[in-house]
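Undergrad: I'd like to ask some things about the structure below.
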Amino acid sequence: MKFVTEFRDPASVAGWVREIAHLAQRLDRPVALMEVCGGQTHTIFKHGLEALLPETVELIHGPGCPVCIMPRGRIDDAIALAEQPGMIFATFGDALRVPGARGSLMQAKARGADVRVVYSPLDALTLAQTHPDRPVVFFGLGFETTAPAVAMTILAAARAQQANFSVFCNHVLVVPALEFLLQASGLRLDGFIGPGHVSAVIGTDPYQAVVDRYQKPVVVGGFEPIDLLQSIWMLLLQLVEGRCAVENQYHRLVKPEGNSPALAALAQVFTVREQFEWRGLGSLPRSGLAIAPAFAAFDAEQRYCLPSQASEDSPVCQCGLILQGKLKPWECSAFGRGCTPDHPLGACMVSSEGACAAYYKYGHGGPRSPMAAPRRFAEASARPPLQSELAR
Amino acid sequence: MCLAVPGQVVAIVDGDQQLATVDLSGVRRSVSLACLVTPDRPIEQWVGRWVVVHAGFALEELDVAAATETLTWIDRLTTPA
Amino acid sequence: MASSNHPSDSLATPPSNVLEFQQPQHRTRSSDEGYITLAHGSGGRATHNLITDIFLETFRSDALNALDDSARLDLALFMARGDRLAFTTDSFVVDPLFFPGGDIGSLAINGTVNDLAVTGAQPLYLSCGFILEEGTPIALLRRIAQSMKLAADTARVKVVAGDTKVVPRGKGDQIYINTAGVGVARSNQVPGPRYLQPGDAILLSGPMGDHGTAILLARGDLALEADITSDCQPLHDLAAALCEACPTVRAMRDATRGGVAAVLNEFAQTSRVSMVIEEAALPVRPPVAAACEVLGLDPLHMANEGLLVAVVPGEFAARALMAMQMLPEGREACLVGHVTKADPPVVILQTRFGSERIIEWPMGDPLPRIC
C-alpha cells in the first residue's frame, strides 16, 4: 500500500534501531516513554518493535484507546438505546464486543436489537435516509480524530433536516488525559509520543502548555514502524541534548495549527462537558464532548431516556494502574486468568488496542515468560537462529 | 483511535456534499472532503492529491514531499555502526 | 453484521457483474416463474414438480432420477480406489448468496469436496439438502442449482441424493444448503493434524484472505469497492498431486473460517509443536492487503474457500511445492515457515524486522475497526 509499505522497510528500520541504540548509549540511563495513542500501541505489538529497542528504553502504553476508556455505564446506555422500539443502532465494529453490566452490543443484537456495523458516521446518516420511518442512532466515540467526522455528519443531518437521526456522543479529548497522567503521583515518564492522527486535527500547539508546565518532551508521531522509531529517536535526542520541546515527526500530515475546518466543526457542534468518566482513570474535568444546545435535536442523550447508571469495574481488575503505566499487564492478578479477550473484566482487555489485549494477543508476557520474547532480539540486524532460541 | 490510511482522490462524486472517490491502493470508497475543502481550495482542486482517510472522512492532506523527507532521513544520519 | 434485512427480491436479479462469474449457459427461464411457497415443502405435487423441474433437470444423475429415498452406489467402484470410506458433512449459510467468484451453490459443493480432499480422500458422491424460506424466488434456486451442477462437474463428483424443506417467511434467510459427501481414501496415507514434527515445512497453496474480504465487501454495508474475487475452488486435485509428490504429507487443511491463523493454531495444539511463519513469505494480494489495512483486519484471520495449508517433512518441501505449482490452483503456492519443537505450542510470526509475535486464534468473526 502506497505511503504505508515504504514506512515498513526493514533496512530503514534497522538503521533507526542502530541510531536509537547509539543515543541510548550516550544517554546512559533507563528512560520510559509513553506512546499515547492505542493505534501506535497496536503498531508496536504488530511489528514487535519493543524487541528491537535497547534494554534501557521502555515503552509505556498510554490511555489512547477510546473503546477501552469507555465506562461500563455508557455501554449499558448504548444497549438501552439499541433496544428502543424500531431502533437501528449504528456503531463502529470496535464497540461491538465491549462488555457493560448487561453484556455487549453483540449480545443485544443476538437478543433482537438491530445493531449495524458501519465504517463511517455518514453511513449511519444514509441508513436514516433509507429508513425514514425508523429512528437511527449512531454511537459516537473516539478522540479528536473521529469527532470531526461525527460533527460533519451532524451538520449534514441538520442541513438535510434528517429528523430520525441522532448521535450518542462519547467523544473524549487527549490533552486532559495527558495532564491527568502527569499530575498522578508515582508516574515515571521521560517523554511522550503524541498521537499523530489526533494532532492532524488539533495541531501540535496544544502540547506546548503541557511541555512548559511539566517539562516533558512531546514528539507527535505517526503510526508506521519507521514513524515510531523516528519519534523515539527524536525524544532520546532531546533527552541527550537536555532539551524539552514539542516536535513533529509526522509532518507529512500534521500542521502546527491543525485542521481549521475540522476544528471549526468541533467548535460549532460540540461543547466541552464539565466532567466525563474514563474507565480506569475516573472522572476527568473538561475531558469529554457533548452535543451543543443548537444541535440538541441530534443528541440521543436528550431525545431518549437513558438509565445512565454508573457501574463499577470488577474489583480484581487493575486497568486504572495499567492505563496510567504504573503496572504492566502481566503484573495484574487477573491477566490471562479471569480476564482474557474472550471474557474481558476490564477496559484494557476489551479492544484490540488495549494494552492487556495486545500483550495477550501477541504473547508478550503472556503464557511465555514475561517480556522474554520482546527482549530476545535486542539487535535488529542480527537474526539469531530461531530454533535454538525456542529450544530453551 | 486512529486507524487512518492514505489514498488518492480520483474523482468528485458530489460537489455539493463534498464527496469524492478516494483510491486506497485498490480499494475505492466515497469519502467526505469536508475537512479539506475551503473557499480557497474548492473540491475540484483536490483531484489527484493524496489524503489520509479515517472513518469515511479525509482527515488531512498527505504532504508527499514531507513523506519522502521522512523516508530518506536515515540516509543523512552518519552514525558509524 | 446486518444480515437480516435485504429484501428477498433484490437477489432475483443480481447485478450483471456478479452474474458473469459463474452463471452457466443453461437455458434460463423468465424470472417470473414464481416463488417458493409452503406447498413446495408439503410433500405433495408442488414438491414433486419442484424436485423434477429444478433438481432432476439440473443434476441429471441416474441415482436422482430413480426418485428413491436413498442412492445405492456400487461398492466395487469404491474398493477399486482404496480401502477407506471417507464421509463428511457441512452446512452453508452465506450473506450475500452471490458474490464475486462464487455463490452459495459452488461453495456448498467445493466446501464438502475440500473437506474430503484434505483427509487424503478422492471425493465421489454428494448429497444436498436445501432449507428454503417461503417467498424465495424459484429462479434464484434454479441459478444456485445450476451453479452447483457446474461446480460438481468441475470437481468430477456426482450429486446423488437430495432433500428440500420450506420454512415460513422470516424463519430463514432465503436458502441454506447442507451437503454431505463420500469419497475413498487409502489407509496407508492418512494425513492429520497430530502428525506434525519439528523440521516440517509449512506450505500455502496461494494468497490469503480472498474469500473473507470478497464477502465482507460484497455485503455492501461498508461501501468499499475493490477487485477482489473469492478463491472458492475444489482442492482435491491439488491435494492428490501433493500426496503423490510426498507420500508422507503430515497434515492438510483448507483454511476456511478463522483463516490460516486458526489452522496453524489447531495444528500446533494437536501436535504439541510450534509453528514459525515468516511475515515476508506470507502471500496476500495487494487489494486484499489494502482492504485489510483500511478495516484494521489481519489477512491471517480472513476466511478462504480454496486455500490449502499443508505440512510436509522438510526434505519434501521443494518437491511438494513444485507439484503444487504445476496446477492452476497451486500456481502461487509457497513455503511460509516451519515446525519447531517448543513448549507451549504456539504460532510464532517472525516480522520483517527480525522480531516476533504470537499469532492467536481469531476471536469470532473479523470486525472492521477504526481504532
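The values are calculated or read from the model by the stated rules, or taken from the named source; none is laboratory data. Just so we're clear, the structure is a prediction, and the values are computed from it rather than from any experiment. Positions of Cβ are backbone-derived with ideal geometry, glycine not excepted, and every protein chain shown enters the neighbour counts. Each accessible area value is taken on the protein alone, full model and side chains, heavy atoms only, with ligands, DNA and RNA left out. Shrake-Rupley method; radii C 1.70, N 1.55, O 1.52, S 1.80 Å.
Undergrad: Only one of these is open to solvent by 20 Å² or more (accessible area, probe 1.4 Å), outside the structural domain of C:A139 (by TED's automatic domain parsing) and modelled with pLDDT of 95 or more: C:R194, C:R169, C:R250. Name it. Spell out how you get there, then give the answer.
TA: Working: C:R194 fails: modelled with pLDDT of 95 or more; C:R169 fails: outside the structural domain of C:A139 (by TED's automatic domain parsing).
Among C:R194, C:R169, C:R250, only C:R250 is open to solvent by 20 Å² or more (accessible area, probe 1.4 Å), outside the structural domain of C:A139 (by TED's automatic domain parsing) and modelled with pLDDT of 95 or more.
Undergrad: What is the residue count in the stretch A:266-306 for residues that are hydrophobic (A, V, I, L, M, F, W, C), under 19 Å from A:T145 (Cβ atoms) and open to solvent by less than 30 Å² (accessible area, probe 1.4 Å)? Explain how you work it out, then say what you get.
TA: Looking only at the stretch A:266-306, we keep the residues that are hydrophobic (A, V, I, L, M, F, W, C), and these are A:266-267, A:269-270, A:272, A:276, A:278, A:281, A:284, A:289-292, A:294-298, A:300, A:305-306.
Next, only the ones that are under 19 Å from A:T145 (Cβ atoms) stay: A:266-267, A:269-270, A:272, A:276, A:278, A:284, A:289-291.
Within this subset, residues satisfying the condition of being open to solvent by less than 30 Å² (accessible area, probe 1.4 Å) are A:266, A:269-270, A:276, A:278, A:284, A:289-291.
Residues in the stretch A:266-306 being hydrophobic (A, V, I, L, M, F, W, C), under 19 Å from A:T145 (Cβ atoms) and open to solvent by less than 30 Å² (accessible area, probe 1.4 Å): 9 in total.
Undergrad: Oh, and also: Let me confirm something: among A:G191, A:G221, which residue is within 13 Å of another protein chain (Cβ to nearest Cβ) and of a type outside the set (D, E)? Quick ask: steps written out before the conclusion?
TA: On the way: A:G191 fails: within 13 Å of another protein chain (Cβ to nearest Cβ).
Only one candidate qualifies: A:G221.
Undergrad: Here's something else I'd like to know. Got at least one residue in the stretch A:218-227 being in contact with a strand residue (DSSP E or B) (Cβ under 7 Å, 6 or more places away or on another chain), charged (D, E, K, R) and either within 30 Å of B:E69 (Cβ to Cβ) or surrounded by fewer than 23 Cβ atoms within 10 Å (Cβ to Cβ) (or both)?
TA: Going through the stretch A:218-227, the residues in contact with a strand residue (DSSP E or B) (Cβ under 7 Å, 6 or more places away or on another chain) turn out to be A:218-221, A:227.
Keeping just the survivors that are charged (D, E, K, R) gives A:227.
Checking which are either within 30 Å of B:E69 (Cβ to Cβ) or surrounded by fewer than 23 Cβ atoms within 10 Å (Cβ to Cβ) (or both) leaves us with A:227.
Looking for residues that are in contact with a strand residue (DSSP E or B) (Cβ under 7 Å, 6 or more places away or on another chain), charged (D, E, K, R) and either within 30 Å of B:E69 (Cβ to Cβ) or surrounded by fewer than 23 Cβ atoms within 10 Å (Cβ to Cβ) (or both), one finds at least one in the stretch A:218-227, hence yes.
Undergrad: Check the stretch A:85-94 and report whether any residue there is open to solvent by less than 10 Å² (accessible area, probe 1.4 Å) and within 14 Å of A:S308 (Cβ to Cβ). Steps first, answer last, please.
TA: Going residue by residue through the stretch A:85-94, those that are open to solvent by less than 10 Å² (accessible area, probe 1.4 Å) are A:87-93.
So of that shortlist, the ones also within 14 Å of A:S308 (Cβ to Cβ) come out as none.
No, there is no match, as no residue in the stretch A:85-94 is open to solvent by less than 10 Å² (accessible area, probe 1.4 Å) and within 14 Å of A:S308 (Cβ to Cβ).
Undergrad: Looking for something at pLDDT below 95 and not aliphatic (A, V, I, L, M) - is there at least one such residue anywhere in the stretch B:1-9?
TA: Taking the stretch B:1-9 and keeping what is at pLDDT below 95, we get B:1-3.
With the extra rule that they be not aliphatic (A, V, I, L, M), the set shrinks to B:2.
Checking the stretch B:1-9: at least one residue is at pLDDT below 95 and not aliphatic (A, V, I, L, M).
Undergrad: Kindly check whether there is at least one residue in the stretch A:17-28 that is within 26 Å of B:T72 (Cβ to Cβ), within 14 Å of chain C (Cβ to nearest Cβ) and either of a type in the set (F, W, Y) or in contact with a Gly (Cβ under 9 Å, 6 or more places away or on another chain) (or both).
TA: no
Undergrad: Can you tell me which residues in the stretch B:30-48 are surrounded by 18 or more Cβ atoms within 10 Å (Cβ to Cβ) and part of a loop (DSSP other than H, G, I, E, B)? So that I can check it myself, show each step before the final result.
TA: Initial filter on the stretch B:30-48 (surrounded by 18 or more Cβ atoms within 10 Å (Cβ to Cβ)): B:30-37, B:43, B:46.
Result: B:L33, B:A34, B:C35, B:L36, B:V37.
Undergrad: If you check A:E35 against the conditions, is it in contact (Cβ under 8 Å) with a residue 24 or more places away in the chain, acidic (D, E) and open to solvent by 10 Å² or more (accessible area, probe 1.4 Å)?
TA: On the way: in contact (Cβ under 8 Å) with a residue 24 or more places away in the chain: yes; acidic (D, E): yes; open to solvent by 10 Å² or more (accessible area, probe 1.4 Å): no.
Judged against the criteria, A:E35 is not a match.
Undergrad: Hey, another quick one. Might you let me know whether the stretch C:54-65 holds any residue that is in contact with a Gly (Cβ under 6 Å, 6 or more places away or on another chain) and at pLDDT 95 or above?
TA: Of the stretch C:54-65, the ones in contact with a Gly (Cβ under 6 Å, 6 or more places away or on another chain) are C:55.
Filter once more, keeping what is at pLDDT 95 or above: none.
Within the stretch C:54-65 (the criterion being in contact with a Gly (Cβ under 6 Å, 6 or more places away or on another chain) and at pLDDT 95 or above), the answer is no, since none of the residues qualifies.
Undergrad: Among the residues of the stretch A:236-243, is there at least one that is open to solvent by less than 40 Å² (accessible area, probe 1.4 Å) and assigned to a loop (DSSP other than H, G, I, E, B)?
TA: Checked against the condition, which is being open to solvent by less than 40 Å² (accessible area, probe 1.4 Å) and assigned to a loop (DSSP other than H, G, I, E, B), the stretch A:236-243 yields no hits at all.
Undergrad: Restricting attention to the stretch C:303-358, and to residues there that are away from every other protein chain (no Cβ under 14 Å) and of a type in the set (S, T, N, Q), which single residue is surrounded by the most Cβ atoms within 10 Å (Cβ to Cβ)?
TA: Among those that are away from every other protein chain (no Cβ under 14 Å) and of a type in the set (S, T, N, Q), it is C:N304.
Undergrad: Hey, does the stretch A:123-135 have a residue that's within 14 Å of chain B (Cβ to nearest Cβ) and either part of a strand (DSSP E or B) or free of Cβ contacts under 8 Å to residues at least 12 places away in the same chain (or both)? First the steps, then the outcome.
TA: Step one: of the stretch A:123-135, the residues within 14 Å of chain B (Cβ to nearest Cβ) are A:123-127, A:129.
If we keep only those that are either part of a strand (DSSP E or B) or free of Cβ contacts under 8 Å to residues at least 12 places away in the same chain (or both) too, we end up with A:126.
Checking the stretch A:123-135: at least one residue is within 14 Å of chain B (Cβ to nearest Cβ) and either part of a strand (DSSP E or B) or free of Cβ contacts under 8 Å to residues at least 12 places away in the same chain (or both).
Undergrad: Follow-up question, since we're still on this one. Please go through the stretch A:247-265 and pick out each residue that is crowded, with 23+ Cβ neighbours inside 10 Å and either more than 10 Å from every other protein chain (Cβ to nearest Cβ) or of a type outside the set (F, W, Y) (or both).
TA: A:N248, A:Q249, A:R252, A:L253, A:V254, A:N259, A:A262, A:A265
Undergrad: Which residues, taken from the stretch A:27-82, are of a type in the set (S, T, Y) and outside any helix (DSSP H, G or I)?
TA: If we filter the stretch A:27-82 for residues that are of a type in the set (S, T, Y), which is where we start, we get A:41, A:43, A:56.
Across the stretch A:27-82, the qualifying residue is only A:T56.
Undergrad: Okay, moving on. Just to be sure, is A:G48 open to solvent by less than 10 Å² (accessible area, probe 1.4 Å), within 7 Å of another protein chain (Cβ to nearest Cβ), farther than 30 Å from A:F180 by Cα and of a type in the set (G, A, S)?
TA: Numbers: open to solvent by less than 10 Å² (accessible area, probe 1.4 Å): yes; within 7 Å of another protein chain (Cβ to nearest Cβ): yes; farther than 30 Å from A:F180 by Cα: no; of a type in the set (G, A, S): yes.
It is false that A:G48 is open to solvent by less than 10 Å² (accessible area, probe 1.4 Å), within 7 Å of another protein chain (Cβ to nearest Cβ), farther than 30 Å from A:F180 by Cα and of a type in the set (G, A, S).
Undergrad: Here's a check for you: in the stretch C:101-134, which residue that is open to solvent by 30 Å² or more (accessible area, probe 1.4 Å) and out of contact with any His (no Cβ under 7 Å at 6 or more places or on another chain) is farthest from C:Q146 (Cα to Cα)?
TA: Keep residues of the stretch C:101-134 that are open to solvent by 30 Å² or more (accessible area, probe 1.4 Å), which gives C:115, C:119, C:122, C:125, C:127, C:131, C:134.
Right, trim to out of contact with any His (no Cβ under 7 Å at 6 or more places or on another chain) and you get C:115, C:119, C:125, C:127, C:131, C:134.
Values: C:D115: 22, C:T119: 28, C:Y125: 17, C:S127: 15, C:I131: 17, C:E134: 20 Å.
Among residues in the stretch C:101-134 that are open to solvent by 30 Å² or more (accessible area, probe 1.4 Å) and out of contact with any His (no Cβ under 7 Å at 6 or more places or on another chain), the one farthest from C:Q146 (Cα to Cα) is C:T119.
Undergrad: Since C:T154 meets every condition but one in (1) in contact with a Pro (Cβ under 8 Å, 6 or more places away or on another chain); (2) in a loop (DSSP other than H, G, I, E, B), which condition does it not meet?
TA: C:T154 satisfies all of (1) in contact with a Pro (Cβ under 8 Å, 6 or more places away or on another chain); (2) in a loop (DSSP other than H, G, I, E, B) except (2).
Undergrad: Considering each of B:L59, B:L36 in turn, give the residue that is at the interface with chain A (Cβ under 8 Å from one of its Cβ atoms) and under 16 Å from A:F3 (Cβ atoms).
TA: Details: B:L36 fails: under 16 Å from A:F3 (Cβ atoms).
After ruling out the rest, the residue left standing is B:L59.
Undergrad: Next question. Return yes when C:T179 is open to solvent by 10 Å² or more (accessible area, probe 1.4 Å), of a type in the set (S, T, Y) and at pLDDT 95 or above and no when it is not.
TA: No; evaluated as a whole, the condition is false for this residue.
Undergrad: Now a separate question. Note down all Cβ pairs under 7 Å where the first residue falls in the stretch C:137-158 and is outside the structural domain of C:L327 (by TED's automatic domain parsing), the second is surrounded by fewer than 23 Cβ atoms within 10 Å (Cβ to Cβ) and acidic (D, E), and they're at least six residues apart or on different chains.
TA: So the pair list comes out as C:P137/C:D9; C:I138/C:E33; C:A139/C:E33.
Undergrad: Sticking with this structure for a sec: Filtering the stretch B:6-17 down to residues that are open to solvent by 50 Å² or more (accessible area, probe 1.4 Å) and closer than 11 Å to B:W46 by Cβ, which residue is farthest from the chain's Cα centre (by Cα)? Quick ask: steps written out before the conclusion?
TA: First, the residues of the stretch B:6-17 that are open to solvent by 50 Å² or more (accessible area, probe 1.4 Å): B:8, B:10, B:12-14, B:16-17.
Pick out the ones that are also closer than 11 Å to B:W46 by Cβ and you get B:8, B:10, B:12.
Values: B:Q8: 6, B:V10: 11, B:I12: 14 Å.
Filtering first and then ranking leaves B:I12.
Undergrad: Residues of the stretch B:1-29 being in a strand (DSSP E or B) and touching a residue at least 24 places away in the same chain (Cβ under 8 Å), which ones? Before the answer, list the steps.
TA: The first filter runs over the stretch B:1-29 and keeps only residues in a strand (DSSP E or B), leaving B:5-14, B:19-24, B:27-29.
Answer for the stretch B:1-29, where residues must be in a strand (DSSP E or B) and touching a residue at least 24 places away in the same chain (Cβ under 8 Å): B:V5, B:P6, B:G7, B:Q8, B:V9, B:V10, B:A11, B:I12, B:A20, B:V22, B:L24, B:R29.
Undergrad: Now a separate question. Consider only pairs whose beta carbons are under 9 Å apart and that are at least six residues apart or on different chains; among these, list those whose first residue lies in the stretch C:271-288 and is away from chain B (no Cβ under 14 Å) and whose second residue is surrounded by fewer than 20 Cβ atoms within 10 Å (Cβ to Cβ) and part of a helix (DSSP H, G or I).
TA: C:S274/A:L390; C:V276/A:Q387; C:V276/A:L390; C:A280/A:P10
Undergrad: In the stretch A:318-347, which residues are at negative phi, part of a loop (DSSP other than H, G, I, E, B) and in contact with a strand residue (DSSP E or B) (Cβ under 7 Å, 6 or more places away or on another chain)?
TA: Scanning the stretch A:318-347 gives A:L345, A:G346.
Undergrad: So, in the stretch C:253-293, exactly how many residues are among the hydrophobic types (A, V, I, L, M, F, W, C) and either surrounded by fewer than 24 Cβ atoms within 10 Å (Cβ to Cβ) or more than 26 Å from A:G93 (Cβ to Cβ) (or both)? Before you say what the answer is, go through the steps one by one.
TA: In the first step, residues of the stretch C:253-293 are kept if they are among the hydrophobic types (A, V, I, L, M, F, W, C); the result is C:255, C:260-264, C:267-268, C:273, C:275-277, C:280-282, C:284, C:288-292.
Filter once more, keeping what is either surrounded by fewer than 24 Cβ atoms within 10 Å (Cβ to Cβ) or more than 26 Å from A:G93 (Cβ to Cβ) (or both): C:261-262, C:267-268, C:273, C:275-277, C:280-282, C:284, C:289.
Total satisfying the criteria: 13.
Undergrad: Show the residue pairs meeting these rules: Cβ distance below 7 Å; 6+ apart or different chains; first residue within the stretch A:267-287 and assigned to a strand (DSSP E or B); second residue open to solvent by 50 Å² or more (accessible area, probe 1.4 Å) and among the acidic types (D, E).
TA: That search, which allows pairs on different chains as well, returns A:S283/A:E277; A:P285/A:E274.
Undergrad: Still on this model: For the stretch B:1-33, how many residues are in contact with a Leu (Cβ under 8 Å, 6 or more places away or on another chain) and more than 9 Å from every other protein chain (Cβ to nearest Cβ)?
TA: 5
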